[in-house]
Amino acid sequence: MRNNPNHHEAASHATDNERYFREFHANPKRSRYKPSLRLRVALAFAGLGAVLSLLLSLWLQLASHEAGLRLMDETLKAELEDYRARRQRNPLSLPPATLTLLGYVLPGPAGAAPPPASLLALAPGHHDVEIAGTPYRLLVQEAEGSRYFLLYNETRQAAREADFRWLLASGVLMMTLIASAAGFWLAGRVIAPVTALAARVRELEPEAAPAPLRLDFPTGELGALATAFDRYLGRLRAFIERERAFTADVSHELRTPLAVIQGAAEIEAENPDLSPRQRQRALRIQRAAQEMAEIITALLALAREEAGPMARDQCPLAEVVRNGAERHRHLIAQRPVALVVEVAAEPRVPAERALVRIVVANLIRNALEHTDQGQVLIRLEEGRLLVRDTGRGIAADQLSRLFQRHYKGGASQGEGIGLSLTKRICDRHGWEIEVESEEGRGTEVRLLFNPTSANLNGALT
């Protein structure tokens, strides 16, 4: 049989891809791009709008506060100059006393209230003070031998600034929403070509030969991406052709010598000069060759991954289980291990007999090879095959990788292919495999047939 290195390389790549997707689905948080591109663009616009509007709001708030202070200071200055002018004309004029303005002077005219003691120590200029819980803007000034105190009530100004802050907060929220909507709309327009390219790629069939994608996306980044897809699709088609050639080679190269072995064994078994022992050996060779031919046919069909059921015939599970147990009984010939086979039902499944034989044989062989003493129980029930052993068991950290291709446990002597092949066959037919194990105590494997596959009466449900 010819060796095809491309086949082994492709198998390695396929294994890596399968491992990646298993890890991704097991831990989706590892993905860097969970949200859609459109959503990420909309969120970026929303963030930008929120930041810009917030900065603008802060600037407007500071500007408004400074403008309010200047207005109060100018009002205090003008009112104080007006009072000084009135007092020069009439020394008995009283300082302002309104809801907004409150004035004091030292020495003051008769009947004028003295200033609060807390104001007396303040230097000339503007101050922010609080009297009886009310905030004031204060102007202290000395002129004509007198000391003037003029206060501006800041309560209304503070209320206006609070209303303005609420208005700015509403503006920030509104700008964020508008930016989000605009970003979502613009993102839809921008990524429309990407969506179209994704739809085209989704419809591609590796075996078909559609028009190159670069014809519809000739320029820019999308053009480069379309060209990369076209090149990858070309390599994929070439790989498929190599796989087909490899499959045909395997089918031809293996079937021919097996047919020769089978024919020679059949002729030899009919030789009247053979002893019963020799005739039995010839029949064993004939059966082995026939089983190998069936296995090759089934494995090639599995490798092609054809759609739909692989077989319409019903495979008798009980017969396969009994034969599998007897064929592998020699594995425990030198060990104190009891092999117990219990058939509680006679289910039949629509599957290639050879594939079922592979699954059953791998489960039985693994149990027998890893059991040094005790018992291996094989029990066939309604829709379930149970294989339980008292062997070495499997570590908890190894259970998740048990069916990975080329994975071998610490005590395994195989190539790490049998259980991986078993899992592929089960996945193909919709069966489930459950494994429970404890180091030092043994392992239990349950093969569950889907409801449409197993029927005690031998008919499809």
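Worth a mention:
- Net charge contributed by nearby residues that have their C-beta within less than 15 Å of residue 108 (K/R +1, D/E -1): +2
- The fewest-to-most ranking of 128, 389, 73 by surrounding Cβ atoms within 10 Å reads 128, 73, 389.
- Per principal axis, descending, Cα span of segment 314-448 in whole Å: 38, 30, 22
- Ordered by the number of other Cβ atoms lying within 10 Å of each residue's own Cβ, fewest first, 174, 292, 72 fall into the sequence 174, 292, 72.
- Formal net charge of residues neighbouring residue 373 (Cβ-Cβ distance under 12 Å; K, R +1; D, E -1): 0
- Couplings 3J(HN,Hα) for segment 270-277, derived from phi with the Karplus relation 6.51 cos²θ - 1.76 cosθ + 1.60 (θ = phi - 60°), are 8, 5, x, 7, 6, 6, x, 5 Hz, where x marks Gly and Pro.
- Segment 88-168 shape via C-alpha gyration tensor axes, a/c threshold 1.5: prolate
- The Cα center of segment 53-123 and the Cα center of segment 187-250 differ in position by 79 Å.
- Summed residue charge, Cβ within 12 Å of residue 222's Cβ, Lys/Arg positive, Asp/Glu negative: 0
- Given charges at beta-carbon only (K, R positive; D, E negative), |dipole| of segment 234-304 in Debye: 320 debye
- Candidates per GluC sites (Glu not before Pro) in segment 354-387, loop by DSSP, up to 16 other Cβ within 10 Å: 382
- Between residue 351 and 315, the built amide H atoms are under 5 Å apart, and every one of these is 5 or more places off in sequence or on another chain.
- Among 349, 340, 140, sorting on how many other beta-carbon atoms sit within 10 Å of each Cβ, with the fewest leading, yields 340, 140, 349.
- Normalised by 2.2 N^0.38 Å, where N is the number of residues, the alpha-carbon radius of gyration of segment 40-106 equals 2.08.
Read the figures in this text as sums done on the coordinates, not as results from a lab. Small disclaimer: the values here were computed from a predicted structure and weren't measured. FYI the Cβ positions are ideal-geometry reconstructions off the backbone, even for glycines, and counts take in every protein chain you see.
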